[in-house]
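The values are calculated or read from the model by the stated rules, or taken from the named source; none is laboratory data. Keep in mind that what you see is a predicted model, and the values were worked out from it rather than measured. Using ideal geometry, Cβ is built from the backbone for each residue, glycine included, and neighbour counts are taken over all protein chains shown. The protein model used for the area step is the full one, side chains on, heavy atoms only, and it has no ligands, DNA or RNA in it. Shrake-Rupley method; radii C 1.70, N 1.55, O 1.52, S 1.80 Å.
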Amino acid sequence: SKTFFRVLWNAPGEIRQFVDDCPSKETCKTTTDGFCSCDTEVVEETAYESMPTREQVLALPIGSVPPESALGPFMTTAEGSVKVHAEESAYGRFSAKSIFEVTDDNGVTQLRRNLLSRVQLTGTSLSFLNPVHFIARHDEALRDAWYETEATLDSYFYHRNVGPFVSTHFAKRFGVSNPSTTLIKSMTAAFRSGRFDFGGVQFGSGSYGDLGALLAAMLLNSELRNTLLDNDASFGSLKEPLLKVTALLRNLEFQATPAFPFFTLATNMQDRIGQMVFKSPTVFNFFLPEFQPNEGRISSASLVSPEAELLTSPTIISLMNGLLSSVKYGLDRCYAGLAGDFAEEGAWSNCRYRKPGDFVNSTGFPNYSPSSQVVRAALSELATIMTSGRLSTADRELIIEETRNAPDPQQAMVQAQQLIVGSSAFHSTGIVNRTGGQRSQRDDVKPSDRPYRAVIVVFLAGGMDSYNMIVPSSCDGTNEAGLDVLQQYIAERGEVGLNEGERNLVLDVRGPNQQPCDKFAVHPSLPFVQQLYDDEDLSFFLNAGVINNPTNKENYQGASITQLFAHNSMQHEAGQIDPNQEIQRSGILGRISHVLNGEDYGFRAQTIGIQSLFNSLGGDNSNAPPPLVMSDRGPESLAPRPWREQFDPQDPLIELNGPTDASSSVFGDTWSSLFTQAINDNEFFETALDGITLENEECGSRALNVVIKMMETRNDRGVDRDLFQINFGGWDDHAEMKANLGERFVGLNEYLECFVNNAKAKGLWDEITLITMSEFGRTLTPNTNYGTDHAWGGHAFAMGGGLKGELLGQYPFDITPDSPLNVGRGRMIPTLSWESIWTSIIEWLGVKEEDFDYVLPNAQQTDTPLLRRDQVFNN
């Protein structure tokens, strides 16, 4: 495969014209594969003839080994902070062999050669800085590979942004979601100097990057130690789900039972509570550090709350049930407990005989006993242990009242613990003051009399390699070199491309645009996709992706507002589709919902995420219901228990999480708001989904099956427009792409076939548009691990009974490095923007043209065709 690397040209603006004129250059020639190959020579010269400044030394690109090894007998002179080492024969002179020595801002000694090395294109004025490398081509050594790797890591480690970055993330993980600039400056200084002094005690080794010094600077800072800040509504954080589980185990002094010497947690903790050790769903942790809830006091104050990303209705109820079960029955499977599988057969059948304080068959049990039997004293001790004393007086009085009728003191203590673990003081680090009453409940609604339609976004997270999803098969279209697209595909993809035997699911081209091929093929693991296309129920959108402004090969870096080739930024923009953030804290589905729920429309639209609260769902909910999140397991009741168990914590928990005043913690208020909403949602959907079955319950994806069932509740919800998003992860194939992609396509094909069959059985197929998206395509050329890397444009498809079933957009006629769309390694500039696709979908949903600019604020800036409803849909 070809290898490309960036260089620093002396005249970057002249390069494109030089390549175009390549054949006319005496020392250059155009190669058979379209490259401009030129004779070169290395030109070396002395950088400075007099003593440079410290900053000038640090800008020199070529390092040096210590002068003792690099020079013969030498002498050293110094001016200010700069030393120069020169051989005695050249003392007093600045030669190319001279070595400068300075100390950088991180306290690290830097040695730089007094040398500039440039690669000159022979016979021309063009040159570039000679890239530094450690491995000698005439004498390759493993040692030099290690040296080069170490130097690369050092360049990252000592980058000036590392200190603030690490400090900010540490502060967020230690309970300060919005750390002050003062705190971050102090932590950064400690990180860079490797020391922190406090009260005459020094922490840290004095070496750059010492985390002990950073931690001391954080933990000993008054911002984290001053309890008065608990009264600051914006200070503190929500707690992570898994840390709440471990806190409960510590608070109540859990002990392992003799039969189970180690605590055993359920294997599906990640799915249930949103967090489990070693189970992070992406390389970006369990939540984004900049996450902001779609609505509520946190977003209104322009604050962030990373942990809030995990607070969806399903995870809230599941976590609470696990905590309540642990308090009552220990670490057990019974009644939504958090324990793993039992070692003893038949243990599950005994659950119906459980009672609070009965720890039989548990893998661990609470061993805490209050030091006082006086109710108020015991509760005060619990409040200190479980909430650091933040549980308010009013909440304590409510808990005493609710547990007054317990049959004995032990049961009263268990009931009090259940109520504390549901309070905002347990789930956040701020203080709240309830104003009394309850938060708003779900209103009764009437079924809509408008025709129903639903959009389902299936997001293939990780960057799906769609250039192996739909591939050239029979092609006449050629590039300027005379190669047809299939020939180009075979040459560029190499060993990761589909071979002739794998290009057997053929599609005849239909559609309004000229394509370079009269036949394409879909991946052999996607026969149902081929069937839907042949039935004219599936359309492809070719070479689509993020485009912010008119873009070409020369200006793409400056034209893109969205950070290219990065998972987080391009996933965010695929859900937001508003690169300038003209509509704050909104996503594409949320803006559609806001418009359709407007008085001028009269629709009732609802945004729904399966398993997660996606950024696409955010929007102005002043006239629209807030986003729903539904588990792929369906709804779950709060506090399940045996029929003999009389104490039901739900009502007092709702009262404990009632409305709060403006001085209360925004994090505590957010927990209470989301918790009570979760209770309402789950109760509603337990009733609404009761009795709804599918044609085939066993096949396909649980998430897509839940989507069908949720559609069937549309009358109970009073909606006529549903906007869903589902994520299927794992598409980031930097190694063994071809084999891994084939396996995932097998699953995707099965999921889609089951979904379509169930939708048709319910009579919903003509009312559905399902669209697949991924944050970016992947490089056409493979890497050395038979994988492909982050790229840009890719191919998507939509399916539904109302689609025309065509190829929309255009497959590039040239995918080689010479292509005007190829910015390197087959990273193709999209020719369809996300706005191109969504324009047709929002119009199909009923959005009027005068509201297009609100739903798609950047559409007119992309310079891409905006597909209209009649170009994509039959009806």
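Per Stokes-Einstein, at 20 °C and 1.002 mPa s, what whole-number D in µm² s⁻¹ belongs to the chain, with the Kirkwood radius over Cα pairs as the hydrodynamic radius? Don't jump to the answer; show the numbers that get you there.
Details: Rh = 31.2 Å.
Here the translational diffusion coefficient equals 69 µm²/s.
At 1.4 Å probe size, with every protein chain present, just tell me what the per residue accessible area of segment 336-434 comes to in Å². Write down the numbers at each step before the final one.
Numbers: 4440 Å² over 99 residues.
Accessible surface, normalised per residue, equals 45 Å².
Which whole-number value in Å² is the accessible area per residue of segment 556-698, probe 1.4 Å? Don't skip to the answer; put the middle values down first.
Numbers: 5550 Å² over 143 residues.
Ligands and nucleic acids excluded, the result is 39 Å² per residue.
Can you give the charge dipole size of segment 624-682 about its Cα centre, rounded to the nearest 20 debye, using +1 on the beta carbon of Lys and Arg and -1 on the beta carbon of Asp and Glu?
The dipole of segment 624-682 has a size of about 180 debye.
Checking the a/c ratio against 1.5 first, then a/b against b/c, what shape does the Cα gyration tensor give for segment 644-690? Can you show the working numbers first?
Working: a/c = 3.79, a/b = 1.58, b/c = 2.41.
Verdict is oblate for segment 644-690.
Assign unit charges at the C-beta atoms only (+1 for Lys and Arg, -1 for Asp and Glu), then state the dipole size of segment 258-329 relative to its Cα centre in Debye, rounded to the nearest 20. Write out the running numbers ahead of the final one.
Values: 4 positive and 5 negative charges, 57 e Å.
That gives a dipole near 280 debye.
Roughly how much of Glu240 is accessible, in Å² to the nearest 10, using a 1.4 Å probe?
Approximately 30 Å² of Glu240 is accessible to the 1.4 Å probe.
Carbon and sulfur atoms: what percent of the 1.4 Å accessible area of segment 241-395 do they account for?
Working: 3780 of 6800 Å².
C and S atoms contribute 56 percent here.
Students sometimes get this wrong: rank Phe724, Phe198, Phe18 by accessible area, probe 1.4 Å, all chains present, largest first. Walk me through the intermediate numbers first.
Details: Phe724 0, Phe198 80, Phe18 25 Å².
Solvent-accessible surface, decreasing: Phe198, Phe18, Phe724.
To the nearest 20 debye, what is the magnitude of the charge dipole of the chain about its Cα centre, counting +1 on the Cβ of each Lys and Arg and -1 on the Cβ of each Asp and Glu?
Details: 69 positive and 111 negative charges, 428 e Å.
That gives the chain a dipole magnitude of about 2060 debye.
What is the packing order of peptides 509-517, 304-312, taking the mean over residues of other C-beta atoms within 10 Å and listing the highest first? Mind showing how you got there, number by number?
On the way: 509-517: 16.4, 304-312: 23.2.
Highest mean packing first, the order is 304-312, 509-517.
Give me the percent of accessible area attributable to carbon and sulfur for segment 89-239, probe 1.4 angstrom. Write out the running numbers ahead of the final one.
Details: 4660 of 8410 Å².
Whole-percent figure for carbon plus sulfur exposure: 55.
Using protein chains only and a probe of 1.4 angstrom, how many square angstrom of Arg404 are accessible, to the nearest 10?
Probe radius 1.4 Å; accessible area of Arg404 about 150 Å².
Just add up the charged neighbours of Gln611: K/R +1, D/E -1, any other residue whose Cβ is under 9 Å from the Cβ of Gln611.
On the way: positive: none; negative: Asp271, Asp632.
Local charge sum for Gln611: -2.
Quick check on segment 568-713: take the gyration tensor over C-alpha atoms, sort the square-rooted eigenvalues as a ≥ b ≥ c, and tell me if it's rounded (a/c under 1.5), prolate or oblate. Please list the in-between numbers first.
Values: a/c = 1.94, a/b = 1.20, b/c = 1.62.
In terms of gyration-tensor shape, oblate.
For a bin width of 5 Å, list the pair-distance distribution of segment 402-534 built from all Cα-Cα distances, rounded to whole %.
2, 7, 10, 11, 10, 7, 5, 4, 5, 5, 6, 8, 8, 6, 4, 2, 1, 0
With the other protein chains left in place, how much accessible area per residue, in square angstrom, belongs to segment 61-203 at a 1.4 angstrom probe?
On the way: 8390 Å² over 143 residues.
Dividing the accessible area of segment 61-203 by its residue count gives 59 Å².
Once the other residues with Cβ under 10 Å from the Cβ of Val445 are scored (Lys, Arg +1; Asp, Glu -1), what is the net sum? Provide the component values of the computation, followed by the final result.
Values: positive: Arg442, Lys446, Arg604, Arg717; negative: Asp443, Asp444, Asp716.
My count for the surroundings of Val445 gives +1.
Can you tell which of Gln606, Val65, Gly846 lies farthest toward the positive end of the dipole of the chain, using +1 and -1 charges on the Cβ of basic and acidic side chains (Lys, Arg; Asp, Glu)?
About the Cα centre, the residue reaching furthest to the positive side is Val65.
For Lys25, go through the lysines and keep the ones whose alpha-carbon is under 30 Å away, minus same-chain ones fewer than eight residues off.
Cross-link targets: Lys2, Lys553.
Checking the cross-link filter: which aspartates and glutamates have an alpha carbon closer than 13 Å to that of Lys709, excluding same-chain neighbours under 8 positions apart?
Correct list for Lys709: Asp632, Glu686, Asp690, Glu695, Glu697, Asp722.
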